[in-house]
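The values are calculated or read from the model by the stated rules, or taken from the named source; none is laboratory data. All figures in this text were calculated on a predicted structure; none of them were measured in a lab. Don't worry about glycine lacking a Cβ; one is built from the backbone with ideal geometry, like all the others, and counts go over all protein chains shown.
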Amino acid sequence: MPMTRLLSALLAAGVVFAPMSVAIAQDSAPPAGTVEAAPAATAEGGQPAAENTEAVQPAEAAAGEQPAEAVASEKMPEEEHAESETPHYPIKKPDELSWSFAGPFGSWDIGQLQRGLKVYKEVCAACHSMNLVAMRNLEALGYSEDQVKAFAAEYLVQDGPNGDGDMFERPGIPSDRFPAPFPNPEAAAAANNGAVPPDLSLIAKARAAERGFPTFVFDIFTQYAESGPDYIHALLTGYEEAPAGLELQPGTYYNPYYLYGPALAMAEPISDGFVEYGDGAPETTDQYARDVSAFLMWAAEPHLAERKATGLIVMLFLVVFAALMFLIKRRVWAGTPH
């Protein structure tokens, strides 16, 4: 016990007196500027040192002649640091567009989805697959069973093995999924300068730019969930000339809306008049991008409209149920003294 008390006292004394000793040491030390200036000011008996004064005068003259260069040399590390910083991608944020399926009362625009399917088939399907979407699901876009069968038969699907153990090709049927344009990722990379085009089945849910604070807080109340289509539309319409001084890798194209860098391997895929519409819709790049973005949102979440309708009914039920429970509670406990 005495030894324990002695150690405790020593520790307490160290805690109390250690800050005081540090403060005393700092007060007793001369300022750094004074220590450095003393040798230059005097030499041997307090007389000014001629060598030091001669060394100082050219320095002062040089500083007076070229102050801008001296200041620039002092700022160069900061400028180099600023230039070396990696910019935040995307460089430009996608615009928030108006979609028919947005909000708690949103629903699909069937005409827009059909146009988006046409854009995907004639433009995107040359490079991108949709391995998770079955062609029978196209009946939800307003197509009849016969139309879906005819649409599926336009594709050749690899099947097998047959009785001889060989794989063979046959016309597609509604239960088939959209066939991939390449047999494997290696073949896709070889045909696209080493870049594998991503599958578009869930791309509208998998790609989205961060909206930041406090916007994402408001999204909770507005039920905003369309950042994926906004991003796809911005990417398809956002190709620009690279700014001066920016060096791009060979085979890449500048797009400030791209999530992972200033440029991507996909060239601008579509332009005005590229796809012919039969319903009178504008045949512009903006309209093509809107239509295919809506179609990819449907592919990623085909039951979106039904889910929103069910959620609305559930919320109304909960409100009515809460009111009934309150009235029943007042009725049951009305005669009980509190």
> For LEU248, all conditions in the list (1) touching a helix residue (DSSP H, G or I) at 6+ places or on another chain (Cβ under 9 Å); (2) of a type outside the set (Gly, Ala, Ser); (3) surrounded by fewer than 22 Cβ atoms within 10 Å (Cβ to Cβ) hold save one; what is the number of the exception?
Replying inline: (1)
>> Give all pairs with beta carbons closer than 6 Å in which a residue from the stretch 237-259 that is closer than 18 Å to ASP95 by Cα meets a residue that is part of a loop (DSSP other than H, G, I, E, B) and of a type in the set (A, V, I, L, M, F, W, C); count only pairs at least 6 apart in sequence or on separate chains.
In response: PRO256/ILE91
> Within the stretch 287-295, is even one residue of a type in the set (Val, Ile, Thr), under 30 Å from PRO87 (Cβ atoms) and not in a helix (DSSP H, G or I)?
Replying inline: no
>> Every residue in the stretch 175-191 that is exposed (fewer than 12 other Cβ atoms within 10 Å of the Cβ) and either touching a residue at least 40 places away in the same chain (Cβ under 8 Å) or in a loop (DSSP other than H, G, I, E, B) (or both), please.
In response: SER175, PRO183, ASN184
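Looking at LEU259, LEU236 in this structure, which one is surrounded by 11 or more Cβ atoms within 10 Å (Cβ to Cβ) and not in a loop (DSSP other than H, G, I, E, B)? Step through it out loud before you land on a result.
On the way: LEU259 fails: not in a loop (DSSP other than H, G, I, E, B).
Only one candidate qualifies: LEU236.
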> Does the stretch 193-202 include one or more residues that are of a type outside the set (Val, Ile, Thr), over 24 Å from the mean Cα position of the chain (by Cα), closer than 30 Å to ALA265 by Cα and crowded, with 18+ Cβ neighbours inside 10 Å?
Replying inline: no
> Mind checking which pairs have a first residue in the stretch 86-106 that is closer than 20 Å to ALA299 by Cβ and assigned by TED's automatic domain parsing to the domain that holds ALA209 and a second that is at pLDDT 90 or above and basic (Lys, Arg), Cβ under 8 Å, 6 or more apart or different chains?
Replying inline: LEU97/ARG290; GLY106/LYS308
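Out of ALA299, ALA309, which single residue is touching a residue at least 24 places away in the same chain (Cβ under 8 Å) and of a type in the set (Gly, Ala, Ser)? Reasoning before the result, please.
On the way: ALA309 fails: touching a residue at least 24 places away in the same chain (Cβ under 8 Å).
Of the residues listed, the single one that is touching a residue at least 24 places away in the same chain (Cβ under 8 Å) and of a type in the set (Gly, Ala, Ser) is ALA299.
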> Can you tell me which residues in the stretch 197-224 are aliphatic (A, V, I, L, M), at pLDDT 95 or above and part of a loop (DSSP other than H, G, I, E, B)?
Replying inline: LEU200, LEU202
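With respect to ALA209, is the statement that it is buried (at least 17 other Cβ atoms within 10 Å of the Cβ) and under 17 Å from the mean Cα position of the chain (by Cα) true?
On the way: buried (at least 17 other Cβ atoms within 10 Å of the Cβ): yes; under 17 Å from the mean Cα position of the chain (by Cα): yes.
It is true that ALA209 is buried (at least 17 other Cβ atoms within 10 Å of the Cβ) and under 17 Å from the mean Cα position of the chain (by Cα).
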>> One residue is enough: does the stretch 139-153 have a residue meeting the conditions closer than 18 Å to SER201 by Cα and not hydrophobic (A, V, I, L, M, F, W, C)?
In response: yes
> Quick one: would you say MET266 is part of a loop (DSSP other than H, G, I, E, B), of a type outside the set (Phe, Trp, Tyr), crowded, with 19+ Cβ neighbours inside 10 Å and touching a Pro at 6+ places or on another chain (Cβ under 9 Å)?
Replying inline: yes
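What are the residues in the stretch 161-174 that are among the aliphatic types (A, V, I, L, M) and either over 25 Å from ASN137 (Cα atoms) or part of a strand (DSSP E or B) (or both), if any? First the steps, then the outcome.
Of the stretch 161-174, the ones among the aliphatic types (A, V, I, L, M) are 167, 173.
If the condition is that a residue be among the aliphatic types (A, V, I, L, M) and either over 25 Å from ASN137 (Cα atoms) or part of a strand (DSSP E or B) (or both), then MET167 is the only one that fits.
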> If you go through the stretch 293-338 one residue at a time, how many are loosely packed, with under 10 Cβ neighbours inside 10 Å and not aliphatic (A, V, I, L, M)?
Replying inline: 6
> Under the condition of being of a type outside the set (Asp, Glu) and free of Cβ contacts under 8 Å to residues at least 12 places away in the same chain, which residue from the stretch 273-286 is farthest from LEU113 (Cα to Cα)?
Replying inline: GLY273
>> Considering only residues that are in a loop (DSSP other than H, G, I, E, B) and surrounded by 21 or more Cβ atoms within 10 Å (Cβ to Cβ), which ones fall in the stretch 109-128?
In response: HIS128
